[in-house]
Structure formats: structure tokens, C-alpha cells
Amino acid sequence: MNYYTDNPVLRHYLNHPLFRRIVEMRERNFAEAEKYDYAPVDFEEAVAGYEQVLTLVGELCAEVVAPNAATVDTTGPTLKEGRVEYAPASEENMQMFRKAGLMGISIPRQYGGLNFPTTIFTMLEDLVARADAGFGNLWGLQECAETINSFGTEEQRERYLPRIASGETMSMDLTEPDAGSDLQSVRLKATYNEAEGRWYLNGVKRFITNGDADIHLVLARSEEGSSDGRGLSLFIYDKRNGGVHTRRIEDKMGIHGSPTCELVYNNAPAELCGSRKMGLIKYVMALMNSARIGIATQSVGLSEAAYSEAVGYADNRKQFGREIKNFAPVYEMLGEMKARLDASRSLLYATARNVDMTSCFEILARERSLTPEERQEAKAFSRVADALTPIVKGMGSEICNRNAYDSIQVHGGSGYMKDYTCERLYRDARITSIYEGTTQLQVVAAIRYATNGFYSTLLDEYLAEEVSPAMAPVRERIVKMAEIYRTAVARAQSFGCQETNDFLSRRIYEMASYCIMSALLMLDASANEELFASSARRFTAMSEAIVAAHATFIENYTPEVLNDYRSC
Amino acid sequence: MKLNIIVLAKQVPDTRNVGQQAMNPDGTVNRSALPAIFNPEDLNALEQALLIKDDNPGSEITLLTMGPTRAADILREGLYRGADAGVLLTDRAFAGADTLATSYALSTAIRKIGKYDVILCGRQAIDGDTAQVGPQVAQQLGLPQVTYTRRILDLQENKMTVERSIENGVEVVEAPLPLLLTVDGAAAPCRPRNAYRVLRFSRAATPTEQAAEGFRYAGKVAADPQLTLQEWSLAYVEGDASRCGLSGSPTKVKKVDNVIFQAKESKRFTDSDEDIKALVGELLANHTIG
């Protein structure tokens, strides 16, 4: 089995017209081919290389990680004298990925990485999450390297990035007992020792994924007496220096392969990453955006797993003398699962392309100053990336929960038993709509793009693209859906009441999301009807019904409704 | 210390997923109907070579295979996993070889390579299942051999201590270098392909492949000698044509039958001494044992 070569869907995203530009920019017209024996000489070779690495990971996922997942789930990590030991099967996965050279996917070559674009990293993580979402965290946290690459000094890049590329693990230590969604309340104290010229960290972090990692990014209060986000700085803590121990590993519902730790910092030496006071307002915002796309990817991988488990079962299980996939109530569920899966994936890779273009311009800007046109273009890509990220994280995770739920439903009583993979998927999926910002926080992050009309403009752009004849009627339906969405936004705003805006924001967000996902899936279907046309039609039909329901609610809404909610 | 290691590998049809067309009517294997893969136990052998290299940096692993042009695929596969060089022994004169002719041909190539401290190969290939080629190569070269290797316990300048599988257990043996080891499936599985090596060595090609239309990496190949896979003919290895291919193969396949074992009758013995004695007597009498 191979999760990449057995599934034609992923390969499709390598063919997007924008992808060639991403690769050419990222590879700076293949200038590194002279210097590094593993650098590609042209676009064709770059893509062939991505495919080979995708094939390698697809094989490791299907042959090693997925077969290990059930054992990892029942074993989990252990805590020994303040240190975390992964479950033996997690350790085996990790060793395999290290030996395969898969720990520095997007780190630049000069620091020992593969220099792959975000789109490819995302595809790899999609495969890994399908096999084992918890292992996806351990492996995926390598993306924290990007923070050091973007905001660290050259000396820090040279010191840390090669270690990460060769397999040292990472964590981002942000949350504390009293600072979860509200990171401005972080209290972990950073004190500067003038004599030594060094920072020391003291305090507690809670719910830290892979908290006993080799290299940590830590958000801490560096400005004594401050109480908001402007008093926070970002630090790098190197486990080799000591000073941090794990006090507890949380006993979680799912993703058992991924240790969630409570950390105690006791005079732990650390170094500043970037500028003081920019920790939360700049670096963690960037870090969180990338982490949110990571969770969106994990969600899509889990959705895929949930769908393929359900299809596999429905193909074989016979009741009333026929395989159950032949019964309308079952194929309705399967058809909707697949449509949701494809739609969330279309959105995921659209987001990844915009993130890629943004970072391509950032890399270019380090070499030379950008022309005004380039600056404008860079800004446009970055804005789309920022606007799509809360949608792909929020909707991707909600969709994966729904697919995990339906996967069990397709399995019937068997799905409720631990013998079937879908039971674990259901537990693993549950965290995706919570960590790295709950869905409710994604709505908060997204809603400004609804009220300022950005989503509406973006939809217009997508709907202005040329589509295949088969997709033309789908586009007409999405055009109508977009109108209903705009009417609803206008009505919500017409009350001129912040509480109303907040209250209706989840519905507005979902309406925008369904319109945008329908449009993106339609565009993918237009390029590849065989793979996506039926999904695009199904998803558009499902979206129309949901958008209409929300429209009805908003149409009937008056601010008095709030009292009925508040009083409960 | 730096050792020269040769790993013998064979490209085989993937008999783990055999379909209807796996066999030709004449009893030979229909290779076109099955995907070609790196013989599984040869991967176990490669891993043993890589483990030796891990402990002895600077050692060189040369992968040697005999086969048609496309067998170069497994040389690349070996490079992806850590081998240093690949040799494809290919010539029409080698076609149709049985195990005797194969081991002769391989031994001529090994002599051509010249320097070797350890030769490793899989216990057997999944297409022929003979387990003869390894031991025959050792014989052709006059080398000591250890079969059914599970792991290498110790390696010194002149000798090696090896754990090998035997019925109902393992045996530890010591043997002088140079020697040949056949490695079985119970040994450590081969490490995965390495992404960096895949990206670099996917351009590795034999001279024939490099000359083919559409080969795109002439510049890379010119700059990096490791990207040229050796391609050796019978003349190059100075072999005797009469000992190669069909003419060098005494084995003749008459026909292939499916053998289905059926238990027609059964007898029950207790674990008493008398019963066991009776059973042994019976087995001796019908020549099952002895």
C-alpha cells in the first residue's frame, strides 16, 4: 500500500498553474543546482523529486506509521524523572522518518534542509495525518524552524536549523494554566542577567505539545510590570542547556502518540528570537498562522482516513443480501463525506499556494528590494493567505469531526468498538477544532474579512475564472449562493450592534466558507472533472442548503433574540 | 577500518501479489505481468552492509546485479538507501542462466571488482526460491560462507562473528575474512530510502540509459562520477561464454505442477515413550526420516 500513489487526488495539486511559479521562485530559477547535489536543475526535475519524496512518505505511512497507530494509541508516552519517553512504536516512526531524511522538509539547503515549498510539506503532512494524527504532530512541529529562519539571527539559523533538519524535535511553548485562548495573559517570566548577557526563564507552561522537545520556542514576559501582549517576547530554549522538566503528561481523549506536557521552567537559560516585545504581536501571530494550517492539514488527513475506512467497510459489509454501500442512506453519507473531504482539501491547497507565494516574496525581499509591483503582489497573496487560514482551520477541523462521526455511523455497532480504526479517528479528530485556536476563535479571526467585503471580492475573483462547460451550471449556482451570503452580511450589519455582529458571526463565517469552498472545488473540478466533478456538484448542493438555512435564521433575527439566549 | 563490501541483488517479479498471468504456459515466469522489485532478502543483506558501514565509516558498498537494462532500477534503489556504487552485469550471453551459470557470471564480475572483504546476498530470491546462488558464488570464489545470517555480532580485521538461523533456534559462528554471507528475512529490515539520496541518485544511470533519447542530466552526470552506474558485459568481465546463460545451465525445467498437500488419514500419538518410539519406527520404515 502507498497513501500517495494509491490516491490520485493529491497529485492533482502539483498541476496547478500557480505551482510552477512557486517552484521557480522558491528555487530562485534553480541556482542551487550547481552547489548542492540534491537540488533540481529545472521545474520538471523539482516536481519529479517531490513526487519521489511523496511516494517514499506514502509508503512509510501505509507500511509503518498506520500499522503502528493502534499500538501507539493504547501505549502512549511515559514520564520518567521529568523526561518524556515516546511510545516505542512512536519512536520507531520517528527513527524511520529521521533515517529517511524527512525532518527538514522546508528548511533551506544551506542549513541542511530540502527547501520544499509549503504546498509539498502540506501534502506530506496530509499523508502522515491520515496514518496517525498524533505522529503528525511530532513530525509536523519541524515547521517551527520557519520561525527561527524568518526572525532569528543568521548565527541562530546556522546553529539551530541543521540540528532540526537532522532530526531534533521542536515545540512551541505558548499556553499556560491561565493563558489559553488569551495569550496576552502569559506570565512565564523572562529575566535578563546583565552580567552574563543571558535570559533566564521561570514559570509554568501547560498543554504543550511535544513539550520535552530538543528545541523550544517560548513565549515569555520579558517586560516587568507589563500586563498585555506588548510585554511578551519570543525565546529559544535549547534542552541541552537544562532547566526545564516535564511535570505531567496529560491523559487525553485522543492523539495519544503526541505527548501534551506541563512544563516547569526553573532558571532555564534561553535566547531571544527576534526583537523584544514583538513576541506575541508579530512572531507568534506568524507561528500560529502556520500552525493553524498544520492543524487544517491534520484535519484533512483525518477526514481522508475516516472516509477511506468508511468506504472500505461499506464495500464489504453485507446486510439484507447486499453490500451496504448500495443502500441510499449509506451512499448518501459516503457521498457527503467525500464531498466535504474534497472541498476542504481544495481550500487547504489554495491556502498553501498563497502562503507559498507570500514566503517566496519574503525570500526574494531578503536578497533585493522588491519593485512596487512585486510589493503589491506580495501583499495580495499574503492577504488571501491570512483570510483563508481561519476558514481552512475552522471548517477543516469541523468537517473532519463530521467525517469521523459519519465514519462510525457507516460502521454501525462495529464502529463503536475499539476493534475498528474509526473509533480512534473519532477521538483523534476531536482536538482539531480546539487546539491552535478553537473554531470560535477562527470565526473571530475571519469575520473582519466578511464585514470588509474581502471574502466577497475573493469570491468574485474565483467566480470570474474560466470553467469547463460541465462546471458552468455549478458556477451559476455558486453565484446565486454568493448573493444570498452578501444579503445576509448586509442584514447582520444593518442592526449596527456589535453584540449582534458577534452573535451572527458564526453563521456569516460558515456562509462565506461554504461559498468559497464550493468555488475552489469547482475550479479543481474544472481542471480535473474525472476526480472532482461529482464532488463539486454534491458539495455545492449541500452548501446551498446550509447557506439557505443560515440566511433564514439571519432574516428572522432581531436583537431581541439575544435575550432568549442570554437568559438560558 | 575501511571495508570493501559487495552486495549481490536481484530484480525479481513481485510474487507476493500473483495474479492469473503469473506463469507462462511453458512453466517459466511471466515477468511482464508482475511488477519488478528488489528481492526482499537482498534488502536484508543490504541493511547488514549498511550496518557494517555505520560502524566503519569510509567503507564502500558496491551493489552488483545481473539482469536486463531495467535492472538498473534496483541499483538506484540501493543507492537511495545508502550503497555507494552500482554495477549492472548485462549481456545477451547471460540470458536464461540457471543458478550455476548465474553464480559463475557473478563471480567473474566480483573478480573484476577485485577488492572485497565481505560479500553479502539474500538467502534466496522470491522467484526461484533456490537459495543456491549465494553458496555457489562462495564456491566459485573459494571463499568461506555463512548462510542464514541474522546479525553480525562482531567484526574484526580478519574475522567475523555471526548469528545464524538454524531449525529451532540460532547458532553463533566465527569465520575468517574475506567471506560470503547469505542473509535471511529474520535479519533487520532495510532502512528506508533517504530523501536527499533519492533526489541526488534518481539521475544515476548506466551508459546505455545516458545515451537514450530524453536523458536530461548529462551535465550532472559529467560533474558527479557516482551518478554513472557501471554496465559490464561478458567480454568486460572476461567470462567464458560456454559457462554462461542457457549453454552454461545444466538445469532443465520439465514441467511445473501445483502440489497440494492433503492429509488423507491421521494418527494420534500420546507423549509416552512407547508411542514416540512407535512413531519413529514407523517414520524410519517409510523413509520419511533416516
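Exactly one of (1) within 30 Å of A:GLU32 (Cα to Cα); (2) buried (at least 17 other Cβ atoms within 10 Å of the Cβ) is unmet by B:THR208. Its number?
Among (1) within 30 Å of A:GLU32 (Cα to Cα); (2) buried (at least 17 other Cβ atoms within 10 Å of the Cβ), the lone unmet condition for B:THR208 is (2).
Tell me the residue from A:GLU530, A:GLU510 that is of a type in the set (D, E, K, R) and either in contact with a helix residue (DSSP H, G or I) (Cβ under 8 Å, 6 or more places away or on another chain) or farther than 28 Å from A:VAL467 by Cα (or both), please.
So the residue among A:GLU530, A:GLU510 that is of a type in the set (D, E, K, R) and either in contact with a helix residue (DSSP H, G or I) (Cβ under 8 Å, 6 or more places away or on another chain) or farther than 28 Å from A:VAL467 by Cα (or both) is A:GLU510.
Please state which of the following conditions B:ALA222 fails to meet, knowing it meets all the rest: (1) closer than 30 Å to B:LEU141 by Cα; (2) small (Gly, Ala, Ser); (3) within 14 Å of another protein chain (Cβ to nearest Cβ).
Answer for B:ALA222: the failing condition is (1).
Within the stretch A:468-499, which residues are surrounded by fewer than 20 Cβ atoms within 10 Å (Cβ to Cβ) and either outside any helix (DSSP H, G or I) or touching an Asp or Glu at 6+ places or on another chain (Cβ under 6 Å) (or both)?
If the condition is that a residue be surrounded by fewer than 20 Cβ atoms within 10 Å (Cβ to Cβ) and either outside any helix (DSSP H, G or I) or touching an Asp or Glu at 6+ places or on another chain (Cβ under 6 Å) (or both), then A:SER468, A:ALA470, A:PHE495, A:GLY496, A:CYS497 are the ones that fit.
Within the stretch B:225-247, count every residue that is within 18 Å of A:PRO40 (Cα to Cα) and either more than 14 Å from every other protein chain (Cβ to nearest Cβ) or under 24 Å from the mean Cα position of the chain (by Cα) (or both).
As a first pass, look at the stretch B:225-247 and keep what is within 18 Å of A:PRO40 (Cα to Cα): B:225-228.
If we keep only those that are either more than 14 Å from every other protein chain (Cβ to nearest Cβ) or under 24 Å from the mean Cα position of the chain (by Cα) (or both) as well, we get B:226-228.
So the count comes out to 3.
For the stretch B:195-213, give me each residue that is in contact with a helix residue (DSSP H, G or I) (Cβ under 7 Å, 6 or more places away or on another chain), free of Cβ contacts under 8 Å to residues at least 40 places away in the same chain and within 14 Å of another protein chain (Cβ to nearest Cβ).
Scanning the stretch B:195-213 gives B:ALA195, B:LEU199, B:ARG203.
In the stretch B:8-27, which residues are of a type in the set (S, T, N, Q) and loosely packed, with under 11 Cβ neighbours inside 10 Å? Give the derivation first.
Residues of the stretch B:8-27 that are of a type in the set (S, T, N, Q), as a first pass: B:11, B:15, B:17, B:20-21, B:24.
Scanning the stretch B:8-27 gives B:ASN17, B:GLN20, B:GLN21.
Can you confirm whether the stretch A:447-460 contains a residue that is acidic (Asp, Glu) and assigned by TED's automatic domain parsing to the domain that holds A:ILE484?
Checking the stretch A:447-460: at least one residue is acidic (Asp, Glu) and assigned by TED's automatic domain parsing to the domain that holds A:ILE484.
Quick one: how many residues across the stretch B:255-290 are β-branched (Val, Ile, Thr), over 40 Å from the mean Cα position of the chain (by Cα) and part of a loop (DSSP other than H, G, I, E, B)?
If we filter the stretch B:255-290 for residues that are β-branched (Val, Ile, Thr), which is where we start, we get B:256, B:259-260, B:270, B:276, B:280, B:288-289.
Now narrow it down to the ones that are over 40 Å from the mean Cα position of the chain (by Cα): B:270, B:276.
Restricting the remaining residues to those that are part of a loop (DSSP other than H, G, I, E, B) gives B:270.
Within the stretch B:255-290, residues that are β-branched (Val, Ile, Thr), over 40 Å from the mean Cα position of the chain (by Cα) and part of a loop (DSSP other than H, G, I, E, B) number 1.
Restricting attention to helices (runs of 4 or more DSSP H) lying wholly within the stretch A:1-91, give those where 3 or more residues are at the interface with chain B (Cβ under 10 Å from one of its Cβ atoms) and without any contact (Cβ under 8 Å) to a residue 24 or more places away in the chain.
A:43-60
Out of the residues in the stretch A:208-237 that are surrounded by fewer than 19 Cβ atoms within 10 Å (Cβ to Cβ) and out of contact with any helix residue (DSSP H, G or I) (no Cβ under 6 Å at 6 or more places or on another chain), state the one that is nearest to A:GLY167 (Cα to Cα).
Taking the candidates together, the pick is A:ARG230.
Tally the residues that are closer than 22 Å to B:ARG111 by Cβ and assigned to a helix (DSSP H, G or I), restricting the search to the stretch B:239-254.
5
From the list A:VAL23, A:VAL65, exactly one residue is among the aliphatic types (A, V, I, L, M), over 30 Å from A:SER359 (Cα atoms) and buried (at least 21 other Cβ atoms within 10 Å of the Cβ). Which is it?
Going through A:VAL23, A:VAL65 in turn, just one is among the aliphatic types (A, V, I, L, M), over 30 Å from A:SER359 (Cα atoms) and buried (at least 21 other Cβ atoms within 10 Å of the Cβ): A:VAL65.
Could you check B:GLU163 against (1) closer than 23 Å to B:ALA125 by Cα; (2) exposed (fewer than 13 other Cβ atoms within 10 Å of the Cβ) and say which number it fails?
(2)
Which one is farthest from the chain's Cα centre (by Cα), of the residues in the stretch B:83-142 that are charged (D, E, K, R) and in a helix (DSSP H, G or I)?
Of all residues in the stretch B:83-142, those charged (D, E, K, R) come to B:84, B:91-92, B:98, B:111-112, B:115, B:117, B:123, B:127, B:129.
So of that shortlist, the ones also in a helix (DSSP H, G or I) come out as B:92, B:111-112.
Details: B:ARG92: 20, B:ARG111: 17, B:LYS112: 18 Å.
Top of the filtered list is B:ARG92.
For B:ALA49, indicate whether it is assigned to a helix (DSSP H, G or I) and surrounded by fewer than 24 Cβ atoms within 10 Å (Cβ to Cβ).
Answer is no for this residue.
The values are calculated or read from the model by the stated rules, or taken from the named source; none is laboratory data. Bear in mind the structure is a predicted one, so any value in this text is a computation, not a measurement. We place every Cβ from the backbone using ideal geometry, glycine too, and count neighbours over all the protein chains shown.
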